[in-house]
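Report on one structure; see the data block that follows.
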Amino acid sequence: MIAPLEQISTPTRRLSEYLATALARPLPAAVVEKARHHVLDTLAAMVSGTTLQPGGIAISYVEALGGAGEAAVVGTRLRTSAVNAALANGILAHADETDDSHAPSRTHPGCAVIPATLAIAERIHASGEQFLRAVVLGYDVCARVNHALGADSLAAAARSTHSFGGVFGAGAAAGALLGLDVVKVRHLLSYCAQQASGVACNVRDSEHIEKAFDFGGMPARNGVAAATMVAHGFTGVDDVFSGERNFLEAYSAAPDPAQLAEALGERFDILGTNIKKWSVGSPAQAALDSLSYLMETTPFAVADVVAIRVHLPARSARTVDNAPMPDINVQHLVALLIADRGLAFQSVHDGARMHDPAVVAVRRLVELVPSQELMQAQPPRQAIVEVTLRDGRALVHRTRAVRGTADNPMTRAEVEAKALDLMSGVLGARRAQEFVEAVRTIEYNRDMCELCRYWEPAC
């Protein structure tokens, strides 16, 4: 039995009505352009993810599962069910630390939302315009659910904020593409709530496999499962966000239900989502920005360096201090940038370079300084880098707004350059360039299945 409308809370009613009609609403031009950037950045992360251990395991796992050929696994010729494709592509998108992030909600929306949206878009042969609108919707819902829960409180309780918001964002995007009406959307939200899970112990995952599942694969898969189950006829609770034993009260001591539908259609959270300039962990971004600035403005040779001090917020410093993975270890990344005069996807993921004598020699000069003062600084995740030279000069630069964040966004050219670096090693330079050009006009694509030809490897 469907609950009478007066029994549905105002936030749930507003959210479900918006979800059921979102694909009929044109997006502002700036939102469309930003959405293209995030789609390209996430698809490029999937392509590069095929070369990494989490991606390889995900591909072989879903290949063994089989399944109807509804959707593609990006970077391969494999087709499988939409649910399995969302799982694999979500893991590929977060196979390392190159995907996007939304700091206020503590989520990585792209690696959950875009794989889910892509899987359903292929399954139903949706247009590029429908795909982009669903992606933007997914980012909006992903952020708002965590705002309603209280992202900081959720994280303090050792919950994985990334998978909580991610499953709702993925489910909302998938459900919108499937044309669920307002009643079915409310049931979809209940199925997302039942599947929202995740424990923040994934930060201890040294091989990044479980973390890739938690951030990307699990929420993408669960969101697609929720949407397709409800589309098939599964029914559920009419308002999972209010009433007895509701979702918000189960996971938050002080929930704010109004946040579920706050400024929908007015505030687009994809505009506030960060794209990483460097294909490394977020805490290292500002340090590399600072060092890069010093190298560009005051050129110096490796032999000129006496000492390097990297000041990071104390919490960030714990994550990147001599971490076992090369793309997380800030001392290694700083040394690599100086030794190579630049960073590329291949170099930052090359474990052998952690033992390269030239890099190790520079790394011995790097001191990481945890800073309580930077913990309070806004915008967050600032860094100060000091380089002392043999001639006595002390070079210092503080990065306040990291390149690629909402406070200092990357240009289209920068996003495309990063994507080419991620994809060229897998697809070749020509195919990668064609892929980039196809995404520039993705909203004019009549059938999202046509995009496959750009990411499939050559025979």
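Here are the numbers for the structure shown:
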| quantity | calculated |
| --- | --- |
| Antiparallel DSSP beta bridges within the chain, percent to nearest 5 | 75 |
| Lys, Arg +1 and Asp, Glu -1 on Cβ, resulting dipole of segment 1-103 about Cα centre, debye, nearest 20 | 300 |
| Nitroxide proxy distance, nm - points 7 Å out along Cα→Cβ at Glu266 and Ala429 | 5.0 |
| Volume per residue of the C-alpha convex hull in the chain, rounded to whole Å³ | 131 |
| Cross-link partners of Lys276 among lysines (Cα-Cα below 17 Å; sequence separation of 8 or more within a chain) | Lys34, Lys418 |
| Base-10 log of normalised Debye intensity for segment 151-196 (one unit scatterer per alpha-carbon) at q = 0.20, 0.27, 0.32 Å⁻¹ | -0.64, -0.91, -1.09 |
| Value at 222 nm in deg cm²/dmol, rounded to 500, when DSSP H runs of n ≥ 4 in the chain each add -39,500 (n - 2.57) | -16000 deg cm²/dmol |
| Within the accessible area of the chain (1.4 Å probe), percent carbon and sulfur | 52 |
| Accessible area of segment 135-256 divided out per residue, in Å², using a probe of 1.4 angstrom | 35 |
| Part-to-part distance (alpha-carbon centres) for segment 46-77 and segment 126-172, which is given in Å | 23 |
| Residues Asp181 and Cys452, FRET efficiency given R0 of 25 Å [Cβ-Cβ distance, rounded to 0.05] | 0.25 |
| ³J(HN,Hα) computed for each position of segment 343-359 - Karplus, 6.51 cos²θ - 1.76 cosθ + 1.60, integer Hz, glycine/proline x | 10, 10, 4, 5, 5, 6, 9, 8, x, 5, 5, 5, 10, 5, x, 5, 6 |
| Shape box of segment 63-180 [Cα atoms, principal axes, largest first, Å] | 41, 30, 21 |
| Shape of segment 222-267, Cα gyration tensor, a/c cut at 1.5 | oblate |
| Estimated vicinal HN-Hα couplings, Hz - segment 208-217 in sequence order (Karplus 6.51, -1.76, 1.60; Gly, Pro = x) | 6, 7, 4, 4, 5, 5, 5, 7, x, x |
| Protection proxy ranking of 141-152, 373-384 - average other beta-carbon atoms within 10 Å, highest first | 141-152, 373-384 |
| Karplus-derived HN-Hα couplings along segment 443-453 (A = 6.51, B = -1.76, C = 1.60, θ = phi - 60°), whole Hz, x at Gly and Pro | 5, 8, 6, 6, 8, 4, 4, 5, 5, 4, 5 |
| Average accessible area per residue (Å²) across segment 274-329 - probe 1.4 Å, nucleic acids and ligands excluded | 35 |
| Label-point gap, in nm, between Arg364 and Gln346 - each point 7 angstrom along Cα→Cβ | 2.9 |
| Which of Glu70, Glu416 is most accessible, then next, and so on - probe 1.4 Å | Glu70, Glu416 |
| Built amide H within the under 5 Å cut-off of Ala307, gap 5+ | Thr388 |
| For segment 23-75: accessible area per residue (Å², 1.4 Å) | 36 |
| Residue-span extension gain [Glu207 to Thr235] - 0.36 nm each, minus C-alpha spacing | 6.2 nm |
| Pair Asp407, Arg25: separation of 7 Å Cα→Cβ label points (nm) | 2.9 |
| Between helix 412-427 and the chain: long-axis angle, C-alpha atoms, 0 to 90°, nearest 10 | 90 |
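The values are calculated or read from the model by the stated rules, or taken from the named source; none is laboratory data. Since the model is a prediction, treat every value here as computed from it, not as a measurement. Here Cβ is always computed from backbone atoms with ideal geometry, including for glycine, and neighbour counts include all displayed protein chains. Heads up: the accessible areas ignore ligands, DNA and RNA and are worked out on the full protein's heavy atoms, side chains in. Shrake-Rupley method; radii C 1.70, N 1.55, O 1.52, S 1.80 Å.
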